[in-house]
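Novice: Before we start, here is the structure in question, set down as structure tokens.
The values are calculated or read from the model by the stated rules, or taken from the named source; none is laboratory data. This one's a predicted model, so the numbers in the text were calculated from it and none came from an experiment. Neighbour counts are summed over all protein chains in view; Cβ atoms, including those assigned to glycine, are modelled from backbone coordinates with ideal geometry. Accessible surface is based on the protein model in full, side chains and every heavy atom, while ligands, DNA and RNA are left aside. Shrake-Rupley method; radii C 1.70, N 1.55, O 1.52, S 1.80 Å.
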Amino acid sequence: MKEREMHESNPMFQVFVGKTVSRVEYVDDYDEGITLHFTDGSVLTVTERMQAGQLEVGAVVMFTEE
């Protein structure tokens, strides 16, 4: 299987691996999209940019000391 080329921000989003989703807000397919809330306070939001087929992804990541 050929390895896919990942976006330069991919390592940042790897911090979500293993986090537990506490709440999902699905508003619509476009303007406000979907937001995942995690038990540690982290948030991941995905929306479509002006119905152009471009995804906008925003993240707030909470880090806890172990």
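Novice: Report relative contact order for the chain in percent, whole number only (criteria: Cα-Cα under 8 Å, sequence separation at least 6).
Specialist: Reported as a whole number, the value is 21 percent.
Novice: Work out from phi, with θ = phi - 60° and the Karplus expression 6.51 cos²θ - 1.76 cosθ + 1.60, the ³J(HN,Hα) of each residue of region 42-49, listed in order in whole Hz, and give x for Gly and Pro.
Specialist: Values per residue, Gly and Pro as x: 5, 9, 10, 10, 10, 9, 9, 7 Hz.
Novice: Now a separate question. Search the structure for amide H atoms under 5 Å from the amide H of residue 42, placed 1.01 Å from N in the peptide plane, and list their residues when 5 or more places away or on another chain.
Specialist: Those qualifying (amide H under 5 Å, at least 5 residues apart or on another chain) are 62.
Novice: To continue, here is another question. Quick check for me: using +1 on Lys/Arg Cβ and -1 on Asp/Glu Cβ, what's the dipole size of the chain about its Cα centre, in debye to the nearest 20?
Specialist: With Lys and Arg at +1 and Asp and Glu at -1, about 200 debye.
Novice: Over the Cα atoms of the chain, each weighted equally, I'd like the Debye log10 I(q)/I(0) at q = 0.15, 0.18, 0.27 Å⁻¹, rounded to two decimals.
Specialist: -0.58, -0.78, -1.17
Novice: Hey, got a sec? Which chymotrypsin sites (Phe, Trp or Tyr not before Pro) in the chain land in a DSSP loop and have at most 16 other Cβ atoms within 10 Å?
Specialist: 30, 63
Novice: For the full complex of protein chains and a 1.4 angstrom probe, list 7, 37 by accessible area with the highest value first.
Specialist: Ranking 7, 37 by accessible area, largest first, yields 7, 37.
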